[in-house]
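Enquirer: Take this structure, written in structure tokens, and hold onto it; I'll ask about it next.
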Amino acid sequence: MFRDTLGLALKNALRNRRRTLLTVASISISLFLLGVLLSVYHAFYHQEGPPEQALRLVTRNRVSLTFSLPEYYEQRIRKVPGVRELVPSSWFGGVYIDNRPENFFPRFATDPERIFEIYKEFTVPPEQLEAFQSERTAAAVGKSLAERLNFKLGQRVTIKGDIYPVDLELTIRAIFAADVENQDFAMYFHRKYLEEALPQSRRGMVGTFGILADSAEAVPRIARQVDDLFRNSERQTKTETERAFQLSFVSMLGNVKVFLLSICGALVFTILLVAANTMGMSVRERITEIGVLKTLGFTSGRVLTMIVAEAVLISLAGGLVGCGLAWGASGVLRQSQLMLSGLSFSPPVFLISLSIALAIGILSSLVPALGATRLPITSALRHSG
Amino acid sequence: MVNDLVVEATDLHKEFQRDAFQVIALQDVHLTVQKGEFVAFMGPSGSGKSSLLYIIAAIDRPTRGRVKVLGRDLLQLKERAMADWRNENIGFIFQTFNLIPVLTARENVELPLLLTHLSRQERAEHAATALGLVGLSDRMDHYPRQLSGGQEQRVAIARAIVSDPSIILADEPTGDLDAQSAQEILTILSRLNRDHGKTILMVTHDPHAARHASKIRYLEKGQLLPEGAPQPE
Ligand SMILES: Nc1ncnc2c1ncn2[C@@H]1O[C@H](COP(=O)(O)OP(=O)(O)OP(=O)(O)O)[C@@H](O)[C@H]1O
Ligand SMILES: [Mg+2]
């Protein structure tokens, strides 16, 4: 019974091949865009970081990320119970070769002794770690960054300062790899080297402190206690989980969440209208046939199921093609753009996209199908066309 | 011989509301049809021939009156039961054939069987038999557009008889056909009536076609003229 209905639906779907193909194409393009947008959304807001991330916090200037903190805060934060380790780091900014986006990557001045203690998801070969730690001008780069810009061990890299009035001459001594694909896209170098190059007046400041907690339970309390420490200082702090910190970074781009979701919504709505129009057209052409089927003893419900099944077949076909395209595209984007390094067309996004395709199929056909199947047989048979 | 009454219609009225107008399609129709009869209905356009057929086929309900077909009071049936009843008891043939263009001849004929409990295999066999009966064994896998009008109508007849209904209703079955194809269709209908005992009610405009029937009834302005009444000019 089910199989017969599906068979009929398939034959009807192929009735007007060109129209079906165009519908499948437009649904797949929309679902492709939707899939990519949902992947971006997912990467920003829902992706679990590495498990180590649950233990980490970031302390920054309360006013904004562009303001710094005195380095001596480190000693006081260290005394907060539950803080196992912490590391200062400063966003260097600067220019490598030129301003083209493909030459952009994050560069941090940090403490080479501690950075890989806290970011345990990065693995460095021991001899490279030693080389990185023992040379004042050494730099460590992530594996995906090294692959992208073709960095080799021993290579000299010049970075022109912009936030800081100094140019850095660095030598790559270590390449570290993240256990999650493509998360290793930054460069780290010695904060001491930067400090020495700076004029006296600009020394002694730090961008952020990365804190490693003893346990995940201690994290909220540490955040509170650290901020309480500096409540009456000239430079107050804001301490939050690393995950929340990353999201606040994203929100600097404006209200990305609302923006993404409204584009997705508009996209779904548009394709729903297109699909409804097409289904309406193809149902109207078949009013007489529907009357014939009912004359033969088909119930309205069965004819309705057949029409909806046809629309679902079409929209799922479009959905699958669109998901395939989105899967391919998110792979390409992941390789190319830093902001989207966490991007992947994950199973939840796949399921959501397909459910949307399914819903489009059902909703687009339900109204015309209801109208046509409710029509009395005599009216349907008298229908011309 | 009450059991042999296939159709018993009493005081049938059918009205349609068209905008502000009340269109009377049937009024005061009394009709009985015996098992095994071949009745032709004639009358001018708009006289209510199709309306009468639709009511007997349980496709439509009268506005007033009673109608019993094969001993079943059709007005008692709910929508769903009416559909099942049609599927089991009625074979309907249209003037314009009304085959489903995306299905082959055999698939078209199998359609009514999709609603039964027959297996795939059994359905295929029944369809092949029905197509054999109308002389189209060699056209089973053709699509409607690959068939002539006469062949299409024969497929439609096969579809109407495939579930072995007792009654065949045909609404101007030869109206769209050339003389030779029409003759073939009428021959098949006569055979179904004579050899297979089917009760046939056929609407036609063509006096020649009507002569194949055992009885001719005339409709005029929604009224069924008395049996044996002279043919209106
Ligand atoms: N669904 C409907 N809605 C409104 N009016 C209808 C409907 N069906 C039939 N009628 C009207 O009822 C009357 C009888 O129609 P019917 O189709 O039964 O005539 P007919 O004898 O079959 O005519 P024809 O020879 O042209 O097929 C006509 O006036 C027709 O316009
Ligand atoms: Mg008619």
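The values are calculated or read from the model by the stated rules, or taken from the named source; none is laboratory data. Owing to the predicted nature of the structure, the values given are computational and were not obtained by experimental measurement. We place every Cβ from the backbone using ideal geometry, glycine too, and count neighbours over all the protein chains shown. Calculation scope for accessible area: heavy atoms of the full protein, side chains included, ligands and nucleic acids excluded. Shrake-Rupley method; radii C 1.70, N 1.55, O 1.52, S 1.80 Å.
Enquirer: For B:Ala229, state whether it is at pLDDT below 95, in contact with a Phe, Trp or Tyr (Cβ under 9 Å, 6 or more places away or on another chain), open to solvent by less than 40 Å² (accessible area, probe 1.4 Å) and more than 16 Å from ligand 2 (Cβ to nearest atom).
Expert: yes
Enquirer: Is it true that some residue in segment A:321-335 is open to solvent by less than 10 Å² (accessible area, probe 1.4 Å) and over 30 Å from A:Glu147 (Cβ atoms)?
Expert: No, that holds for no residue.
Enquirer: Would you tally the residues in segment B:95-118 being facing another protein chain (nearest Cβ under 7 Å) and either part of a loop (DSSP other than H, G, I, E, B) or in contact with a His (Cβ under 6 Å, 6 or more places away or on another chain) (or both)?
Expert: Counting residues in segment B:95-118 that are facing another protein chain (nearest Cβ under 7 Å) and either part of a loop (DSSP other than H, G, I, E, B) or in contact with a His (Cβ under 6 Å, 6 or more places away or on another chain) (or both) gives 4.
Enquirer: Considering segment A:132-160 alone, what residues qualify as being farther than 26 Å from A:Met205 by Cα, hydrophobic (A, V, I, L, M, F, W, C) and in a helix (DSSP H, G or I)?
Expert: A:Leu145, A:Ala146, A:Leu149, listed by residue number.
Enquirer: A follow-up question, please. Kindly evaluate B:Arg159 against the criterion of being more than 16 Å from ligand 1 (Cβ to nearest atom), buried (at least 21 other Cβ atoms within 10 Å of the Cβ) and either within 14 Å of another protein chain (Cβ to nearest Cβ) or closer than 22 Å to B:Thr32 by Cβ (or both).
Expert: yes
Enquirer: Mind listing whichever residues of segment B:58-93 are in contact with a strand residue (DSSP E or B) (Cβ under 6 Å, 6 or more places away or on another chain) and within 16 Å of ligand 2 (Cβ to nearest atom)?
Expert: Across segment B:58-93, the qualifying residues are B:Phe92, B:Ile93.
Enquirer: Given the structure, is A:Phe350 more than 16 Å from ligand 1 (Cβ to nearest atom), among the hydrophobic types (A, V, I, L, M, F, W, C), surrounded by 22 or more Cβ atoms within 10 Å (Cβ to Cβ) and at pLDDT below 95?
Expert: no
Enquirer: Just a yes or no: is a residue in segment B:185-198 within 14 Å of chain A (Cβ to nearest Cβ), buried (at least 22 other Cβ atoms within 10 Å of the Cβ) and either away from ligand 2 (no atom under 16 Å from the Cβ) or in a helix (DSSP H, G or I) (or both)?
Expert: Within segment B:185-198 (the criterion being within 14 Å of chain A (Cβ to nearest Cβ), buried (at least 22 other Cβ atoms within 10 Å of the Cβ) and either away from ligand 2 (no atom under 16 Å from the Cβ) or in a helix (DSSP H, G or I) (or both)), the answer is no, since none of the residues qualifies.
Enquirer: Next question. Would you check if there is a residue in segment A:4-19 being of a type in the set (Ser, Thr, Tyr), in contact with a strand residue (DSSP E or B) (Cβ under 8 Å, 6 or more places away or on another chain), surrounded by 14 or more Cβ atoms within 10 Å (Cβ to Cβ) and over 30 Å from A:Thr158 (Cβ atoms)?
Expert: no
Enquirer: Here are A:Ile287, A:Ile360: which of them is touching a residue at least 24 places away in the same chain (Cβ under 8 Å), more than 16 Å from ligand 2 (Cβ to nearest atom) and crowded, with 22+ Cβ neighbours inside 10 Å?
Expert: None of the others qualify; the one that does is A:Ile360.
Enquirer: Also, quick follow-up: Which of the residues spanning segment B:153-175 are within 16 Å of ligand 2 (Cβ to nearest atom), assigned to a loop (DSSP other than H, G, I, E, B) and touching a helix residue (DSSP H, G or I) at 6+ places or on another chain (Cβ under 6 Å)?
Expert: Answer for segment B:153-175, where residues must be within 16 Å of ligand 2 (Cβ to nearest atom), assigned to a loop (DSSP other than H, G, I, E, B) and touching a helix residue (DSSP H, G or I) at 6+ places or on another chain (Cβ under 6 Å): B:Pro173, B:Thr174.
Enquirer: Suppose we filter segment B:63-106 for residues that are of a type in the set (D, E, K, R) and open to solvent by less than 20 Å² (accessible area, probe 1.4 Å); how many remain?
Expert: Total meeting the criteria: 1.
Enquirer: Still on this structure, please answer the following. For segment A:120-131, give me each residue that is touching a helix residue (DSSP H, G or I) at 6+ places or on another chain (Cβ under 9 Å) and either open to solvent by 50 Å² or more (accessible area, probe 1.4 Å) or part of a helix (DSSP H, G or I) (or both).
Expert: A:Lys120, A:Thr123, A:Leu129
Enquirer: Residues that are over 18 Å from the mean Cα position of the chain (by Cα) and in contact (Cβ under 8 Å) with a residue 40 or more places away in the chain: which strands (runs of 3 or more DSSP E) entirely in segment B:1-88 hold 1 or more of them?
Expert: In segment B:1-88, the matching strands (runs of 3 or more DSSP E) lie at B:5-18, B:21-34, B:64-69.
Enquirer: For the subset of segment B:199-226 comprising residues that are open to solvent by 40 Å² or more (accessible area, probe 1.4 Å) and in a helix (DSSP H, G or I), which member is farthest from B:Gly149 (Cα to Cα)?
Expert: Once the filter is applied, the top-ranked residue is B:Pro207.
Enquirer: Something else now. Which of the residues that make up segment A:7-25 are within 11 Å of chain B (Cβ to nearest Cβ), among the hydrophobic types (A, V, I, L, M, F, W, C) and not in a loop (DSSP other than H, G, I, E, B)?
Expert: If the condition is that a residue be within 11 Å of chain B (Cβ to nearest Cβ), among the hydrophobic types (A, V, I, L, M, F, W, C) and not in a loop (DSSP other than H, G, I, E, B), then A:Leu8, A:Ala9, A:Leu10, A:Ala13 are the ones that fit.
Enquirer: I would also like to ask the following. Can you report the number of residues in segment A:161-197 which are assigned to a helix (DSSP H, G or I) and either open to solvent by 70 Å² or more (accessible area, probe 1.4 Å) or of a type in the set (A, V, I, L, M) (or both)?
Expert: Summing the residues that are assigned to a helix (DSSP H, G or I) and either open to solvent by 70 Å² or more (accessible area, probe 1.4 Å) or of a type in the set (A, V, I, L, M) (or both) in segment A:161-197 gives 4.
Enquirer: If you don't mind, another one. In segment B:16-44, which residue that is surrounded by fewer than 16 Cβ atoms within 10 Å (Cβ to Cβ) and within 14 Å of another protein chain (Cβ to nearest Cβ) is farthest from ligand 2 (Cβ to nearest atom)?
Expert: B:Gln17
Enquirer: Filter segment A:74-94 down to residues that are open to solvent by less than 70 Å² (accessible area, probe 1.4 Å) and touching a helix residue (DSSP H, G or I) at 6+ places or on another chain (Cβ under 8 Å), then give me how many there are.
Expert: Number of matching residues: 11.
Enquirer: Is one or more of the residues making up segment B:45-57 away from ligand 2 (no atom under 16 Å from the Cβ) and either open to solvent by less than 20 Å² (accessible area, probe 1.4 Å) or within 14 Å of another protein chain (Cβ to nearest Cβ) (or both)?
Expert: no
This table checks each residue for (1) more than 14 Å from ligand 1 (Cβ to nearest atom); (2) closer than 23 Å to B:Arg139 by Cβ; (3) β-branched (Val, Ile, Thr).
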{"site": "B:Ser166", "(1), (2), (3)": "yes, no, no"}
{"site": "B:Leu169", "(1), (2), (3)": "no, no, no"}
{"site": "B:Thr174", "(1), (2), (3)": "no, yes, yes"}
{"site": "B:Ala182", "(1), (2), (3)": "yes, yes, no"}
{"site": "B:Ser190", "(1), (2), (3)": "yes, yes, no"}
{"site": "B:Lys198", "(1), (2), (3)": "yes, yes, no"}
{"site": "B:Met202", "(1), (2), (3)": "no, no, no"}
{"site": "B:Ala209", "(1), (2), (3)": "no, no, no"}
{"site": "B:Ser214", "(1), (2), (3)": "yes, no, no"}
